[in-house]
Amino acid sequence: MSNKIKVATTSLAGCFGCHMSFLDIDERLLTLAEVAEFDRSPITDIEHCGPCDIGLIEGGVCNSENVHVLREFRKNCKILVAVGACAINGGLPAMRNHIDLEDCLLEAYRDGIGVENPQIPSDPELPLLLNQVHPIHEIVKIDYFLPGCPPSADVFWTFLTALVEGREPSLPYELVHYD
Amino acid sequence: MTGTITINGQIVPFQAGQTIIEAATAAGIYIPHLCHKPGYTPHGSCKLCTVNVNGRNCSACTFPAVDGQTVINNSAELQQDRRRITQMLFVEGNHLCPSCEKTGNCQLQGVAYYLNMTDNHFPHFFAHREMDASHPDILIDHNRCIFCNLCVRASKEKDGKNVFAIAGRGINKRLVVNSVSGLLKDSDVSIDDSAVHVCPTGALLIKRTGYQVPIGQRIYDHRQISEVALFAEGSHEQ
Ligand code: SF4
Ligand code: SF4
Ligand code: FES
């Protein structure tokens with residue numbers, strides 16, 4: 001049995017930019033790999049996350065599947081972290097919140113410029129869209145927030161090294177950005 | 001009457017008629033604020049400047065300095081109250097900073113950075129707010145208005161006009177424009193008016209000035225609002 005800390009990550013209604021920024025910690029990933037291992041994440045292809053120490057959530061909640069994934073992460077992760085603007089306040093996807101859902105779908109799939117074969121996707125496999133995009137703290141309890149669109153690599157590094165070393169994480173002024 | 005007050009244990013002199021925030025600024029002490037601006041009639045609406053005066057919480061921008069007052073500005077409780085107030089301002093409007101031209105130069109954001117606010121804490125209102133892009137030079141994005149009344153005061157007190165007002169209450173509160181259509185293009189606003197340059201947020205923007213300074217090189221990207229405000233508003237100004 002390894003005594004490495006277990007980290008799971010997922011992207012809900014986000015663009016994967018926060019994950020890309022996480023990768024920007026570059027060679028420090030090797031240092032991290034000595035003390036941490038990944039459970040569910042884009043690089044492990046695990047479908048459901050198991051018991052973890054840290055769960056990093058990118059993106060807000062825009063559909064029913066996002067709600068399930070978020071609840072599963074909350075159940076399994078000791079520490080749940082909202083990563084980036086979309087997870088914290090809905091981000092740019094929340095710009096649809098004052099537009100009627102039907103109008104959104106019609107614009108995207110039927111009436112929009114350049115749409116071919118117009119039809120509203122309705123496969124039962126597809127998760128149902130919510131009327132509005134919500135930040136994740138409105139669904140489950142969140143322990144920490146890493147602001148930024150995306151948070152910089154240094155934000156991830158500062159935060160994770162503090163947790164690994166058993167210190168209370170905090171971000172210095174230069175690392176707190178909402179953009 | 002002149003005299004002295006103490007702020008965080010430091011003795012601070014004041015002139016007759018000065019408010020607590022004016023005395024503090026002159027002494028180089030920053031009290032967070034959004035609706036206060038030197039030279040403008042105090043409005044007392046944002047409550048960011050809440051300080052404890054002789055055991056009671058008051059707005060430093062409206063409360064007169066009185067000889068012998070004991071003012072606390074830096075307690076953990078006050079910082080927490082201010083953080084909660086700022087979070088309320090964020091959830092009441094629709095503040096999506098990555099899509100806002102004011103980001104990095106925004107005082108609301110600057111205060112939030114200063115208070116080390118990393119989340120919005122409350123459920124979001126996602127209030128339905130309109131945009132008025134009718135004017136050729138000036139844009140109003142109501143999603144970002146915090147009702148600080150500065151544009152209202154500027155239009156009256158500095159421009160000698162009466163272009164803006166705040167109407168309604170609660171979630172229906174909104175900035176209104178004095179024109180028959182209600183649109184900015186039909187008002188007598190001008191691009192040179194103080195009113196359109198005073199906004200602390202990205203609610204009132206001048207068109208075609210976007211992204212002249214890249215994100216990351218803007219005011220609050222590197223300098224705390226405490227330092228910027230004291231330099232601009234205090235005795236340190238040359
Ligand atoms: S006005 Fe300020 S706080 Fe609001 S979206 Fe723009 S930058 Fe962010
Ligand atoms: S538009 Fe700007 S200056 Fe006017 S009340 Fe709103 S936030 Fe204040
Ligand atoms: S600055 Fe005093 S209430 Fe707004």
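The values are calculated or read from the model by the stated rules, or taken from the named source; none is laboratory data. Predicted model, so just to flag it, every value in this text is computed and none were measured. Every residue, glycine as well, gets a Cβ built from its backbone with ideal geometry; the counts of neighbours run over all protein chains shown.
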Taking region A:134-175 as the search range and keeping residues that are of a type in the set (Phe, Trp, Tyr) and under 22 Å from A:Cys15 (Cα atoms), which one is farthest from the other protein chains (Cβ to nearest Cβ)? A:Trp157
Can you name the residue in region B:147-171 that is of a type in the set (A, V, I, L, M) and in contact with a Phe, Trp or Tyr (Cβ under 9 Å, 6 or more places away or on another chain) and, of all such residues, is modelled with the lowest pLDDT? B:Ile171
Could you name every one of the strands (runs of 3 or more DSSP E) located completely within region B:136-234 that has at least 2 residues being within 14 Å of chain A (Cβ to nearest Cβ), touching a helix residue (DSSP H, G or I) at 6+ places or on another chain (Cβ under 6 Å) and away from ligand 3 (no atom under 16 Å from the Cβ)? none
Can you find even one residue in region B:46-63 that is within 21 Å of B:Val152 (Cα to Cα), touching a residue at least 60 places away in the same chain (Cβ under 8 Å) and under 15 Å from the mean Cα position of the chain (by Cα)? yes
What pairs can you find where one residue is in region A:156-179 and touching a residue at least 24 places away in the same chain (Cβ under 8 Å), the other is within 16 Å of ligand 2 (Cβ to nearest atom) and β-branched (Val, Ile, Thr), and their Cβ atoms are less than 6 Å apart, with a gap of 6+ or different chains? A:Asp179/B:Thr103
Does region B:66-120 hold any residues that are within 14 Å of ligand 3 (Cβ to nearest atom) and in a helix (DSSP H, G or I), and which are they? B:Leu78, B:Asp81, B:Arg82, B:Ile85, B:Thr86, B:Met88, B:Leu89, B:Gln107, B:Leu108, B:Gly110, B:Val111, B:Tyr114
Please go through region B:67-82 and pick out each residue that is over 12 Å from B:Ile7 (Cα atoms) and either among the aliphatic types (A, V, I, L, M) or surrounded by 18 or more Cβ atoms within 10 Å (Cβ to Cβ) (or both). B:Ala76, B:Leu78, B:Arg82
Flag if B:Cys35 is within 15 Å of ligand 3 (Cβ to nearest atom) and either within 18 Å of B:Leu115 (Cα to Cα) or within 14 Å of chain A (Cβ to nearest Cβ) (or both): yes
Scan region A:46-65 residue by residue and report those that are surrounded by fewer than 22 Cβ atoms within 10 Å (Cβ to Cβ) and not in a strand (DSSP E or B). A:Ile46, A:Glu47, A:His48, A:Gly50, A:Pro51, A:Ser64, A:Glu65
